[in-house]
Structure formats: structure tokens, C-alpha cells
Amino acid sequence: MANHLYQNDLPDGLSLGTSVAIDCETMGLHPHRDRLCVVQLSSGDGDAHIVQIARNQTEAPNLCALLTDPKVLKLFHYGRFDIAALLHAFGALTAPVYCTKIASRLVRTYTDRHGLKNLTQDLLGIDISKQQQMSDWGAAKLTPAQLDYAASDVLHLHRLQNALNKRLAREDRTEIAQACFDFLPTRARLDLAGWPDTDIFTHS
């Protein structure tokens, strides 16, 4: 496993295949207030490609081309937040997407624990550390521990997708899961437009 660190954008000519795991690190949980700091990606081969985003940066052409490529499936865990953060930072709406948290909620109804750490333990028997989750991602220089943490958020998503897809098929919930994935970019747009906590489908 290797971590590849880049500044501002993915390098020209880098191909990560037709299925790419993606995660973001920000200064907080409010995209309008808290800036995007890091975007990490993996093709599922054990390597992580980590892009450090500069303060006030608004463009990342290679990254955005990948985010919007209709031939590349983007895998997330809680994609709703990451899609919104990327859209707010760069104006690029990520699609098509797959979210392991949504898949987990549809098939692991025997638990209320759907965090990435819970999933990797339950489905893969892997214990990942979340020690760096609350660290300063806006620092000018990221520590090796931060890079390893960022990598751990994307290195297992392909295997999780495979395990969750088997359970979705077993429980006959593949179709409804796909409909949820397809709606995620719109859900992210609603969050940014001012409806983050409102269920627009309710009667009242």
C-alpha cells in the first residue's frame, strides 16, 4: 500500500479505472462555512491518491473531470456530505455514485451502527483507526498519521460494495438502493440550497 500526495489536483494522465472510492476531509460539517481541505481516492488496488486542496481554491480540472465522468462510478461512505462539499468547492456535481452507508442502512437493519469503522469490522473483519478524524485538516503540511487515516477511508470501499451488493440482492433491495444512489446528487443540492434538515416528502 502506498499513499500518493498531490497539491491542488490529480496529476495529468492518472487513470483510476471505472470505479473509484472517494472521501473528503473538511474543516467541519457545514459546507458553506467549513472549507474542503483534502480529497482522497482509490481504485481499490491498495493505493491511495490524496489531493490537498488550497484555501480559496475553486478549480481542480482533473478531479472534476473524474467526478462528472458518466463512465466512472464513484464510491462513497455517506456520499451526501462529500458530494455537497465537492459541489460547493468546485461547482462539480458528482455522478454516478454508490454509498455504502445507504446500502448498509437498507440491509443491516439489525443494527443502528452504520459508520465506516462498524462496516469494516462487521463485513471485512478489519479494524480501522478513527484517531485522526478530529485533526486539523487545514494544516499546511499533513502528518503521516493524517495521510494514513485519509487513505483508510477509501481503501476498503470496493470490498464493502461487493459485500453489501450480495446482501442487497439477497434481501431483494438492489433496485431501491440504486434509486437512492441516483437521488444522492439531488439530495446534496437540496442540502446546499437550504433544505438540509427538512423532509420535503412529508404531508405537513
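Let me spell out the model: positive unit charges on the Cβ of Lys and Arg, negative unit charges on the Cβ of Asp and Glu, origin at the Cα centre of the range 79-122. What dipole size does that give, in debye rounded to 20? Numbers along the way, then the final one.
On the way: 6 positive and 3 negative charges, 22 e Å.
Dipole of the range 79-122, to the nearest 20 debye: 100 debye.
So for 78, 149, 110, what's the accessible-area order with a 1.4 Å probe, most first? Could the numbers behind the result be given before it?
Details: 78 95, 149 15, 110 140 Å².
Output order, biggest surface exposure first: 110, 78, 149.
Taking amide H positions as placed in the peptide plane 1.01 Å from N, state which residues far from residue 5 in sequence (5 or more) or on other chains have amide H under 5 Å from it.
Placed amide hydrogens put 50 under 5 Å from residue 5.
Please list 3J(HN,Hα) in residue order for the range 53-59, calculated via the Karplus relation 6.51 cos²θ - 1.76 cosθ + 1.60 where θ = phi - 60°; whole Hz, with x for glycine and proline.
9, 6, 4, 6, 5, 10, 9
List the residues, sorted by chain then number, that are 5 or more residues from residue 78 or on another chain and whose placed amide H is less than 5 Å from its amide H.
Amide H neighbours of residue 78: 100, 101, 102.
Restricting to bridges with both residues inside the chain, how much of the DSSP beta-bridge set is antiparallel, in percent to the nearest 5? If you can, show how the numbers build up before the last one.
Values: 10 of 21 bridges.
Beta bridges within the chain, antiparallel portion: roughly 50 percent.
Rounded to whole Hz and in sequence order, give me ³J(HN,Hα) for the range 68-82 from the Karplus expression 6.51 cos²θ - 1.76 cosθ + 1.60, θ = phi - 60°, writing x for Gly and Pro.
9, 5, x, 8, 10, 7, 9, 9, 10, 10, 6, x, 3, 6, 5
Could you work out the helix-only [θ] at 222 nm for the chain, with each DSSP H run of four or more residues adding -39,500 (n - 2.57) and the total divided by the number of residues, to the nearest 500 deg cm²/dmol?
Details: 7 runs with 75 residues, N = 204.
Rounded to the nearest 500, the figure is -11000 deg cm²/dmol.
Just for the range 12-125, what percent of DSSP beta bridges are antiparallel, to the closest 5? Before the final figure, lay out the partial values.
Details: 10 of 16 bridges.
Restricted to the range 12-125, the bridges split so that about 60 percent are antiparallel.
Mind checking the dipole of the range 48-127: about its Cα centre, +1 per Lys or Arg Cβ, -1 per Asp or Glu Cβ, Debye to the nearest 20? Intermediate results must be reported in sequence, preceding the final value.
Working: 9 positive and 6 negative charges, 33 e Å.
Around 160 debye, computed over the range 48-127.
For Cα extents along the principal axes in Å, the listed values are [x] 45, 42, 33; [y] 58, 35, 31; [z] 46, 37, 25; which was obtained by calculation from the structure presented?
[x]
Please turn the phi angles of the range 98-113 into ³J(HN,Hα) values with the Karplus equation 6.51 cos²θ - 1.76 cosθ + 1.60 (θ = phi - 60°), one per residue in order, whole Hz, x for glycine and proline.
After applying 6.51 cos²θ - 1.76 cosθ + 1.60, I find 9, 10, 5, 5, 4, 4, 4, 5, 7, 10, 9, 6, 7, 9, 9, 9 Hz.
Using a Gaussian network for the chain with springs between C-alpha atoms less than 10 Å apart, which of these wobbles most: 144, 185, 96?
Of 144, 185, 96, the most mobile in the Gaussian network model is 144.
The values are calculated or read from the model by the stated rules, or taken from the named source; none is laboratory data. The structure displayed is predicted, hence computed values, not measured ones. Glycine also receives a Cβ, built like all others from the backbone with ideal geometry; neighbour counts cover every protein chain displayed. Heads up: the accessible areas ignore ligands, DNA and RNA and are worked out on the full protein's heavy atoms, side chains in. Shrake-Rupley method; radii C 1.70, N 1.55, O 1.52, S 1.80 Å.
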